[in-house]
Amino acid sequence: MKKIKTAMAAAVLAGVALTATPAQAATPTATLEPMHCTSPVWGGEYLCGADFGEPGMAEYAYRDGRRMVFVIGTDHAVWTRSSSASGKKSAWSSLGGYKTGGVGIIASDTGGGQFEIAAKGTDNRLWSRRHAADGSWSAWARIS
């Protein structure tokens, strides 16, 4: 993975806009930004290293071969993309939020589609969203 260091951070509101790749930073600030990574498998540019972890993404594997990946985009929102069992990938979509740490799978039913993701928010607390077997998502909720 190609890693690029920059010296500016992004400040973008946590909207739920859909785009083709994780959103790019729009407003520079005086805070140092973590590295940017790209995935040769999933594409897109996202935050990694430092508080965002290495490699900076989390994956959920369904029993039928489908996969779903989660990253923190350069706009600090959580972004996700999925693939079918045959490998066909969806577009990136934002799950919103403004996260200051990496995203991870924190609870799972071991492949049936019910799982929970979490990431650190600007208040230094963990925030999570639950994914139901029918594909729906809960709202962000503080868990710590």
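Every condition in (1) over 13 Å from the mean Cα position of the chain (by Cα); (2) charged (D, E, K, R); (3) closer than 26 Å to Pro34 by Cβ; (4) outside any loop (DSSP other than H, G, I, E, B) holds for Asp123 except the one numbered (4). Note on the stretch 63-105: residues that are surrounded by fewer than 16 Cβ atoms within 10 Å (Cβ to Cβ) and either outside any strand (DSSP E or B) or β-branched (Val, Ile, Thr) (or both) amount to 10. Do we have Pro55 as part of a loop (DSSP other than H, G, I, E, B) and without any contact (Cβ under 8 Å) to a residue 40 or more places away in the chain here? Taking the combined requirement at face value, the residue does not satisfy it. Of all residues in the stretch 108-126, which are open to solvent by less than 70 Å² (accessible area, probe 1.4 Å) and within 17 Å of Val78 (Cα to Cα)? Those that are open to solvent by less than 70 Å² (accessible area, probe 1.4 Å) and within 17 Å of Val78 (Cα to Cα): Phe115, Glu116, Ile117, Ala118, Ala119, Lys120, Gly121, Asp123.
The values are calculated or read from the model by the stated rules, or taken from the named source; none is laboratory data. Here the structure is a predicted model, which means the values were calculated and not measured. In this analysis, Cβ positions are derived from the backbone assuming ideal geometry, glycine residues included, and neighbour counts consider all displayed protein chains. Calculation scope for accessible area: heavy atoms of the full protein, side chains included, ligands and nucleic acids excluded. Shrake-Rupley method; radii C 1.70, N 1.55, O 1.52, S 1.80 Å.
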